[in-house]
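Here is the structure we will look at.
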Amino acid sequence: MIGDATVPLLLSLKVAGWATLLALVAGVAFGYLLARVRFFGREVLDAALTLPMVMPPTVLGYYLLVLLGKRGPVGAWLQESFGINLIFTWQGAVVAAALVAFPLVYKAARAAFEDIDTNLERAGRSLGFSETKVFFRVTLPLAWHGILAGAMLAFARALGEFGATLMVAGSLPGRTQTLSIAIYEAVQAGDDAAANKLVIIASVICIVVLVAAGRVLQGGYRRAFRY
Amino acid sequence: MQLELRIIKDLQARGRHFRLDVDMRTDSDAVVIYGPSGAGKSLTLQCLAGFVAPDAGRIAIDGATLFEAAQRINVPARQRGVGYVFQDYALFPHLTVAGNIGASLQQGWLRRLDDAARARVEDMLRLFELQDLRDSYPSQLSGGQRQRTALARALATRPRLLLLDEPFAALDPGLRERMRHEFVELRERFKLPMVLITHDPADLQTLARELVVIEAGRLVRHEMAPFQAEVPQGATALRVIAGGGRAA
């Protein structure tokens, strides 16, 4: 019964999946940096990293267009060095969705890292752990539930991304037309049946992800293992 | 064991200033650092373990320099060979008892334990009577079991010195007394030098051969057992210790 919704749905899942992965890596890195290292301008950087959450997606999309366009500093460099063009491609949609979803992972990761008892990391050091081992054996496992919950919210957010994606990647059916953009197009075209179907699919996915994220957080060490 | 400890460390927090300034040498295998909370005991121990770098001074064990400000020597905690038992034990909540004890013995990315390491974990489990709890998580343990796990974890690495931060403070009073005696037995068995900090005078009676008293960041007393009854400076608690009672 999903029928012609399959194409935008799969494209959305692909874009959201890659975007979440990018946001996850960057979010964990920045979350750890800001949780652990004190430096001048830390809270200003925090505000800047949170900005994509509150800025209008169209503004973000505009920035990305300026940056990644053929004449933009990053776009021109990518074109010359690697022959890569991101504008009006699904990869461009990934970049847009990753930027919008990033603060959700970053905020969750920073909070999760700050929540860890530093004595646990010290215990690791006194047991002879290298700093790498402390991170992968102690810090990351303990922060993982919070980070994962943030990543799931980021996935849901990336899945629903509309404004920035439309500006960067456009609405090419089968190539860059994601679920949320397909809904807009269906409504514009007066195709209520298609719109209803797509809206229900999007709603169900978001609810499932939110419930799952809640369960992940509840199952965290925070509750189960605090003593 | 020969321990040389000269530490100057300034701390500044919300306009309040605290200076730790201690200088001591000892040859004893059972040093107890005693003092009220906030005196700088924990900070001293953290400097010794390598968690905190002093601003100035020198720390050496058996002639091996661990920290020397003048020569910019600061051996990282992981290379000091110093075991640490935290006040709340700081067991890894995501690892089982056996996992906690074996954590320091794992090799490489696959986290493998070789035969020697596995035997070491078994020894520790047996020694601390934790065999039945090997697959339990710290949250499922009682206070005494947590303490035994923390000791087993620290000793699995064969440290040359064991540091203990208020090791009995988190236990019930009844259990506390029993664990003290178990602990003395253990110390004799391992012949392991230790530095213990406490604000409980009862710990001194059982555990100390050498006593260091720190108040407000300064070393105010340093003496060998048996400890004097009369204390010239106003350390009322010491009179209680010498009298065999407990502080109010």
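The values are calculated or read from the model by the stated rules, or taken from the named source; none is laboratory data. Only a predicted model underlies this, so the values are computations on that prediction, with no experimental measurement involved. Positions of Cβ are backbone-derived with ideal geometry, glycine not excepted, and every protein chain shown enters the neighbour counts.
Of all residues in the stretch B:3-36, count the ones that are part of a strand (DSSP E or B) and surrounded by 15 or more Cβ atoms within 10 Å (Cβ to Cβ).
Result for the stretch B:3-36: 18.
How many residues are assigned to a strand (DSSP E or B) and within 13 Å of the chain's Cα centre (by Cα) if we restrict to the stretch B:46-93?
Qualifying residue count for the region: 4.
In the stretch A:61-115, what residues are within 15 Å of A:Gly17 (Cα to Cα) and among the small types (Gly, Ala, Ser)?
Within the stretch A:61-115, A:Gly92, A:Ala93, A:Ala96, A:Ala97, A:Ala98, A:Ala101 qualify.
Tell me, which residue of the stretch A:154-168 that is at pLDDT 90 or above and either under 8 Å from the mean Cα position of the chain (by Cα) or not in a helix (DSSP H, G or I) (or both) is farthest from A:Pro103 (Cα to Cα)?
That would be A:Phe162.
Of the residues that sit in the stretch B:135-157 and are under 20 Å from A:Leu142 (Cβ atoms) and free of Cβ contacts under 8 Å to residues at least 40 places away in the same chain, which one is farthest from the other protein chains (Cβ to nearest Cβ)?
B:Asp135
Looking only at the stretch A:100-137, count how many residues are small (Gly, Ala, Ser) and free of Cβ contacts under 8 Å to residues at least 24 places away in the same chain.
5
Being among the aliphatic types (A, V, I, L, M), within 22 Å of A:Pro141 (Cα to Cα) and either in a helix (DSSP H, G or I) or at pLDDT 90 or above (or both) is the filter here; which residues of the stretch B:102-120 pass it?
B:Ala103, B:Leu105
Could you list, in sequence order, the residues of the stretch A:173-210 that are under 13 Å from A:Ala93 (Cβ atoms) and among the charged types (D, E, K, R)?
Within the stretch A:173-210, A:Arg175 is the sole residue that qualifies.
Sort through B:Gly57, B:Gly99, B:Gly50, B:Gly83 and tell me the only one that's away from chain A (no Cβ under 13 Å), modelled with pLDDT of 90 or more and surrounded by 14 or more Cβ atoms within 10 Å (Cβ to Cβ).
B:Gly57
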